Amino acid sequence: MILPELAEKIVKEVQKLIGEDIIVVNTEGYIIASTDFDRVGSFHEGALIALQQKRKMIITHEDQLKLSGVKAGINLPIFFQHDVIGVIGITGEPNKVTPFGEVIRKMTELLISENYYAEQFEWHTRALESFIMDWVQAKEWNYSFLDRAKLLSIDITVKRLVVIIEFIGLNAPLSRDSWTMIFNRFQQNSKEVVTRSGNDRMVLLINCSNQPTRESIERRLQHFFQFLTNKFGIQAIAGVGQATDSQEISDSYRQAERSLNIAKLNTSIIFDEDLTLEMISEEINPKTKADFITRTIGPLLKETELLETIKELFKQNHSLKNTSNTLHIHINTLHYRLKKVEELTQLTPNNIHDLVTLYLGILFLDEQTKIKKYY
């Protein structure tokens, strides 16, 4: 059966091709959409005959006197998956509108088919996204959960790792066709699970039963990112969790989220197994980080030259010689700048406690700067 909302869409689309009045009739013979709004809800005997006999029916001016609710024109049964689901009618002189009949019928059936597959895609996508979120949030594995996994053809027995991919700078929602292409590109076999999360994220649950190497996962993601760039002009980043048993998948998801946050700072692919100091940094809330910056390197925030000098010192692993060479300054100038840093911050770069404090201040400042730039 055709719903009234879809019937109205069909009428609008068909009317673009032909300047005659159009009606769509349901399987009970009642008009559910029409270019002539006054006819909506009325019974159409000619359409009911076309439905019952599954054939085209031409309505003549003489038929108007014999059949209830009809006007001269043509009525064509609409087929979907071999069943008649309604009738489309074109009002007008039969000789004039009949040549358009098959074209209009085919267009209508294509619209219905497109709508059906769009609804199926949305249903499956929403169902999969909801299931994955329940899975990675460590919801209970009750009978309902297991039935959903079976319905979605998801193997929840294999070891997996979670990858979260985020699209950068997406200006408009991706179309259904775009998502279909993206899913098909990444999904390699029936044991792979991929879903969207909102419009700018994807969650991948990679099958680890064959023990994929880190290199193979990274290579696969890089190829996928290249595909996104070439096909859609999309840049992306990814956080990769570690392989876990299916019932512990929430751990891998949390690791992937943590890695993704670091990836936002580096615009890259980050594996959780590589994180060290960043693990601690992730647990500190932004307000505490901002306060820490103010208390430590706050006096340097307006001293661009000193700030860049201390950053370069850390980049060069505290080598004064390499730092002065990179900055193209004399070693005495470097000593002068570091002395100035000490005076302003009361932190001595040669003291291990103060050095770590300075390093954390710079780390948090870089995070803050890059996050603002990212958003």
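The values are calculated or read from the model by the stated rules, or taken from the named source; none is laboratory data. What you see is a predicted model; the values in this text were computed from it and never measured. A quick note on method: Cβ atoms are made from the backbone with ideal geometry, for glycine too, and the neighbour counts reach across all protein chains shown. For the accessible areas, the whole protein counts, side chains as well, though only heavy atoms, and no ligand, DNA or RNA atoms are used. Shrake-Rupley method; radii C 1.70, N 1.55, O 1.52, S 1.80 Å.
Remarks
- Calculated on C-alpha atoms, the gyration radius of region 4-96 divided by its Kirkwood radius gives an Rg/Rh of 0.93.
- Answer label, with P(r) over Cα pairs in 20 Å bins from 0, in percent calculated from the coordinates and candidates (i) 27, 52, 19, 1; (ii) 22, 31, 27, 13, 6, 0; (iii) 28, 62, 10: (ii)
- Spin-label pair GLN15-ASP134: with each label point 7 Å from Cα along the Cα-Cβ axis, the two points sit 4.3 nm from one another.
- Dipole check for the chain: with +1 at the C-beta of Lys and Arg, -1 at the C-beta of Asp and Glu, and the Cα centre as origin, the magnitude is about 760 Debye.
- For region 252-375, the dipole from Cβ point charges (+1 on Lys and Arg, -1 on Asp and Glu) about the Cα centre works out to 360 debye, to the nearest 20.
- Set LYS231/LYS289; LYS264/LYS340; LYS289/LYS315 screened for pairs whose C-alpha atoms are more than 31 Å apart: LYS231/LYS289; LYS264/LYS340
- Viscosity 1.567 mPa s, temperature 4 °C, Stokes-Einstein D of region 232-375 from Kirkwood C-alpha radius, µm²/s: 76
- Across LYS231, LYS289, LYS12, mean-square fluctuation computed from a Gaussian network of the chain (C-alpha pairs under 10 Å connected) peaks at LYS12.
- Extension reserve of the ARG201-ASN285 stretch, reckoned as 0.36 nm per residue once the Cα distance is removed: 27.9 nm
- Note that the chain presents 55 Å² accessible area per residue, ligands and nucleic acids not counted, probe 1.4 Å.
- Accessible surface of region 5-63 [probe 1.4 Å, protein heavy atoms]: carbon and sulfur percent: 48
- Distance from region 203-254 to region 124-161 (C-alpha centre basis), Å: 18
- Computed in the context of the full set of protein chains, the accessible area of region 174-278 at 1.4 Å probe radius has 39% of its extent on carbon or sulfur.
- From helices alone, the chain scores -17000 deg cm²/dmol at 222 nm; the rule is -39500 (n - 2.57) for each run of n ≥ 4 DSSP H residues, then divide by the residue total.
- Along the axis of the charge dipole computed for the chain (Cβ charges of +1 for Lys and Arg, -1 for Asp and Glu, origin at the Cα centre), the listed residues ILE74, VAL97, ILE85 are led at the positive end by VAL97.
- Charge dipole of region 1-133 (Cα centre as origin; +1 on each Lys and Arg Cβ, -1 on each Asp and Glu Cβ, all else neutral): 320 debye, rounded to the nearest 20.
- Cα centroid separation, region 1-64 to region 276-326 (Å): 72
- DSSP-defined antiparallel bridges as percent of all bridges, the chain, nearest 5: 95
- A dipole drawn for the chain from +1 and -1 charges on Cβ atoms has a positive end, and of PRO173, LEU365, ALA236 the residue lying farthest that way is LEU365.
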